[in-house]
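J.: One structure, pasted below without further comment.
The values are calculated or read from the model by the stated rules, or taken from the named source; none is laboratory data. Since the structure is predicted, the reported quantities are computational estimates derived from the model, not experimental observations. Here the Cβ positions follow ideal geometry from the backbone for every residue, glycine too, while neighbour counts run over all protein chains shown.
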Amino acid sequence: MARDFWAERGIALGEEQEIRIPLTRSYSGVSLELPIVVRRAAEPGPTVFISAAVHGDEINGTGVVQRLVVDPPFTLKRGTLLLIPVVNLLGFERHDRYLPDRRDLNRSFPGTPTGSLASRIAHVVTTEIIENCDYGIDIHTAAIRRTNFPNVRADLTDRRTAAFARGFGAELLLSGEGPDGSLRRAACERGCPTFVVEAGETWKVEPAILEFVTQGITNALIKLNMVEGERVLPSYRIETDTTNWVRSQEGGFLQFHVAPGDLVRRDQPLATNRALTGRVQNTIVSPVNGVVVGMTTMPSVAPGDPVVHLAYCRRGELLRVEKTLDELSDDSLYERLRGELATNVTVVDWHDDFVVEELPTEPS
């Protein structure tokens, strides 16, 4: 940026201030203001925003931002950091993903000053924050009744965005521009490389997720030379542009055989679908080699309901990752993440109630 926007707002280098940006008015006419902590190092450098709760019920990121405000694990040496604990204030106050008019704020960017409520809020965030930043990190969780193993979503075809996203240090990177109208896509289109971190569930601040995302943000800031230190490297890294939800074919009650973060092979059982009386109806299997990037936490399903979200990977890649994970200690952050997220679903060993057969260990 050629101009120092935050100096013009009265925040000099080396200072920290809490500011409030007017967003809109409530139904009762009360002004709604977006709270932001602006932290500036003594030396100039990039400006980075870290935002959470664009979906109002996705508050793992709110916990992360609060941690960075109250007990930061680093000292900012260069540049400016914008810490935004909640973007969708109206949804947050109602513990809801959406705005009161049921619009999705994360499908409304860059917005317009004369459009819908969502469009007007998106316009303010775009013009006041995104267009005055050099980089951005937007923290999300899975939707209601689902959970996500931590992953980064970014346009890896863009050189600057890819370098920034890889600097975070996540095991899973899912490549794509992002949905039309999403905050990160609008930011990237305006020359502000931005990626999304997806991790955990709605309505929670999960300890291992808090640790993971805080570590990743520190890594990313080290990558930008805003913070001093050595980056913590991921235990492995899989990059893919292909994911798919495996869906139920019948209504029933699921017994899960995998948990978030698990590696799966083609034809491996993911869940057994039972009738309410316990009779086995069918076994849901993986169509590919991959990683469980997300899954439902609701065992009762109807035909077509999403069950397991898989990130595809190549056979050789899967074997390499399996070997790496065999060497991890049980108290590593990766294993603690898998263990914590697995407590949200009941996982049981698989057995075929009809025919006992050996599963292939080397899928063709």
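J.: Can you confirm whether Gly29 is assigned to a loop (DSSP other than H, G, I, E, B) and more than 17 Å from Asn132 (Cβ to Cβ)?
T.: On the way: assigned to a loop (DSSP other than H, G, I, E, B): yes; more than 17 Å from Asn132 (Cβ to Cβ): yes.
Taking the combined requirement at face value, the residue satisfies it.
J.: Moving on to the next point. Scan the range 252-284 for residues that are among the polar types (S, T, N, Q) and more than 20 Å from Leu319 (Cβ to Cβ) and jot them down. Show your work before the answer.
T.: Residues of the range 252-284 that are among the polar types (S, T, N, Q), as a first pass: 255, 268, 272-273, 277, 281-283.
Once the filter is applied, which keeps residues that are among the polar types (S, T, N, Q) and more than 20 Å from Leu319 (Cβ to Cβ), the range 252-284 yields Gln255, Thr272, Asn273, Thr277, Gln281, Asn282, Thr283.
J.: Could I ask something else about it? Taking the range 63-81 as the region of interest, how many residues are crowded, with 20+ Cβ neighbours inside 10 Å and outside any loop (DSSP other than H, G, I, E, B)?
T.: Of the range 63-81, the ones crowded, with 20+ Cβ neighbours inside 10 Å are 63-65, 68, 76, 79-81.
Checking the rest, the ones that are also outside any loop (DSSP other than H, G, I, E, B) come to 63-65, 68, 79-81.
Residues meeting the conditions: 7.
J.: Right, another one. Of all residues being among the aromatic types (Phe, Trp, Tyr) and not in a helix (DSSP H, G or I) in the range 195-227, which is surrounded by the fewest Cβ atoms within 10 Å (Cβ to Cβ)? Just the residue, please. I'd like the intermediate steps shown before the answer.
T.: If we filter the range 195-227 for residues that are among the aromatic types (Phe, Trp, Tyr), which is where we start, we get 195, 203, 212.
Narrowing the set further to residues that are not in a helix (DSSP H, G or I) leaves 195, 203.
Numbers: Phe195: 28, Trp203: 12.
My answer is Trp203.
J.: Right, something else. If the Cβ limit is 9 Å and pairs must be 6+ apart or interchain, which residue in the range 336-363 that is farther than 25 Å from Arg315 by Cα and modelled with pLDDT under 50 pairs with which residue that is of a type in the set (Val, Ile, Thr) and surrounded by 13 or more Cβ atoms within 10 Å (Cβ to Cβ)?
T.: That search, which allows pairs on different chains as well, returns Phe354/Val280.
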